[in-house]
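Asker: The structure follows.
Please treat every number below as a calculation from the coordinates, not as lab data. Just so it is clear, the structure is predicted and the values come from calculations on it, not from any experiment. Positions of Cβ are generated from backbone atoms using ideal geometry, with glycine treated the same way; all protein chains shown enter the neighbour counts.
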Amino acid sequence: MQNILINRRLLGLQTIKSPALYFGHPITEYGTEKEQELVQKIKEEFPEYNVYNPNKSINLENYKIWKQETGRGMNYYFNILLPEMLGGIFLPFKDGMFGAGVVGEAEFLLERNLPVWEINYSGKIKDIDLDAKRVLSIADTINRVHPK
């Protein structure tokens, strides 16, 4: 178990180019034109950072491995990727609600006094607002990402 996690950790870390700004967004936007547009907008607004888009096959694979080996796939993001970031920018769902995983990632960075912003679907960037009324539960997030 440990060897697999060590090897996979190294593969994940190799995808980060510092100084890195994490782009947390719903997986429903992975691989879309909107994702590409927003990444470009973030690059233009924050040229001092390398935008880290977690939409990489290594991360999707590692999430599954961490879930199997540790019981929680998000441990990969919280223990391996996010500690390498110097800030983050986060996209809520189209209705302005944030998914549970995105909120956890943003809070992780905020707790370390790192800069955190939000971006909306039109590309408007502002300081993040994690008002509880905008935060979905894990179950509600899963229902949005994997509707039945």
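Asker: What label, among (i) 15.4, 48; (ii) 14.8, 43; (iii) 13.9, 39, belongs to Rg and Dmax of the Cα atoms in Å computed from the structure on display?
Answerer: Only one listed value fits the structure, namely (ii).
Asker: Also: Would you mind checking 17/124; 34/94; 43/64; 94/148; 41/67 for any pair whose Cα atoms are more than 23 angstrom apart? List each step's numbers first, then the result.
Answerer: Details: 17/124 25 Å; 34/94 11 Å; 43/64 29 Å; 94/148 19 Å; 41/67 32 Å.
Pairs exceeding the cut-off: 17/124; 43/64; 41/67.
Asker: Now for a separate question. Okay, which of the stretch 12-33 sit inside 15 Å, backbone N to the point 7 Å along the Cα-Cβ direction of residue 114?
Answerer: Correct set: 13-25.
Asker: Looking only at 59, 120, 79, which one moves most when the chain is put into a Gaussian network model with springs between Cα atoms under 10 Å?
Answerer: 79
Asker: Here's a follow-up. Calculate the FRET efficiency for residue 84 and residue 148 from the Cβ-Cβ distance with a Förster distance of 35 Å, rounded to the nearest 0.05. Mind dumping the intermediate values first?
Answerer: Numbers: r = 35 Å, r/R0 = 1.01.
Rounded to the nearest 0.05, the efficiency is 0.50.
Asker: Give me the number: length gained by fully extending residue 48 to residue 10, i.e. 0.36 nm times residue separation minus the C-alpha to C-alpha distance, one decimal in nm. Display every interim value, and only then the final one.
Answerer: Numbers: separation 38, 0.36 × 38 = 13.68 nm, distance 2.48 nm.
Stretched out fully, the residue 48 to residue 10 stretch lengthens by 11.2 nm.
Asker: Roughly speaking, what is the stretch gain from residue 125 to residue 36, that is 0.36 nm per residue apart minus the C-alpha to C-alpha distance, in nm to one decimal?
Answerer: 30.5 nm
Asker: Would you grab the residues whose amide H sits under 5 Å from the one on residue 87? Only those 5+ places off in sequence or on another chain, please, with H modelled 1.01 Å from N.
Answerer: Distant-sequence amide H within range of residue 87: 22.
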